[in-house]
Amino acid sequence: MKKKKCLECTDEFIGRIDKKYCSDNCRSSYNNRANSELNSFARGINRILRNNRKILAHLNNYGKTKVHREQLMELGFRFRYFTNLYQTKSGNIYHFCYDQGYLELPNDYYSLVIRQEYIE
């Protein structure tokens, strides 16, 4: 068998022809480092989405409520981040952060709602 160099620690090892790492630790370290930038970006976006959902759920105690934009902004709500949109037959567009949603109303007000099962 031919000696190969580990992609992580560069130690020489003997193994199958398709083996790239000398141990599971080296394989994990290599892949964690290679994916850390992408994972870090996704974690940041998910953190914002979870925070937005938490804010909407906190303000929407009754399943449907109306709040002013200032209330959302004071709590740190980020309007650019949402998981999906839902357009009603009448043309209203709801923005959702997972199961919590909002509809923009006139005069900087928002109607907060909880996603219903029929909304896909």
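The values are calculated or read from the model by the stated rules, or taken from the named source; none is laboratory data. None of the values given here were measured: they were computed from a predicted structure. Cβ coordinates were reconstructed from backbone atoms using ideal geometry, including for glycine residues, and neighbour counts include every protein chain displayed.
What's the number of the only condition in (1) at pLDDT 95 or above; (2) within 15 Å of the chain's Cα centre (by Cα); (3) outside any loop (DSSP other than H, G, I, E, B) that Arg43 fails to meet?
(1)
Please enumerate the residues belonging to the range 65-119 that are of a type in the set (Val, Ile, Thr) and within 14 Å of Arg53 (Cα to Cα).
Correct list: Thr83, Val113, Ile114.
Please go through (1) in a loop (DSSP other than H, G, I, E, B); (2) surrounded by 11 or more Cβ atoms within 10 Å (Cβ to Cβ) for Val67 and return the number of the only condition it doesn't satisfy.
(1)
Filter the range 4-48 down to residues that are out of contact with any Leu (no Cβ under 7 Å at 6 or more places or on another chain), of a type in the set (Lys, Arg) and surrounded by 14 or more Cβ atoms within 10 Å (Cβ to Cβ) and give me whichever is farthest from Met73 (Cα to Cα).
This residue is Lys4.
Taking Ser28, is it among the hydroxyl-bearing types (Ser, Thr, Tyr), assigned to a helix (DSSP H, G or I) and on the phi < 0 side of the Ramachandran plot?
When the stated conditions are applied, Ser28 passes them.
In this structure, is Asn51 without any contact (Cβ under 8 Å) to a residue 40 or more places away in the chain, loosely packed, with under 13 Cβ neighbours inside 10 Å and polar (S, T, N, Q)?
In short, no.
Which of the residues spanning the range 72-108 are surrounded by 15 or more Cβ atoms within 10 Å (Cβ to Cβ), in a strand (DSSP E or B) and either of a type outside the set (A, V, I, L, M, F, W, C) or touching a Gly at 6+ places or on another chain (Cβ under 7 Å) (or both)?
Within the range 72-108, Tyr86, Tyr94, His95, Gln100, Gly101, Tyr102 qualify.
What number of residues in the range 1-25 are within 37 Å of the chain's Cα centre (by Cα), on the phi < 0 side of the Ramachandran plot and not basic (Lys, Arg)?
Looking only at that region, the number is 10.
Search the range 49-64 for residues being of a type in the set (S, T, N, Q) and part of a loop (DSSP other than H, G, I, E, B), and hand back the single one that is farthest from Gly101 (Cα to Cα).
Among them, the one singled out is Asn61.
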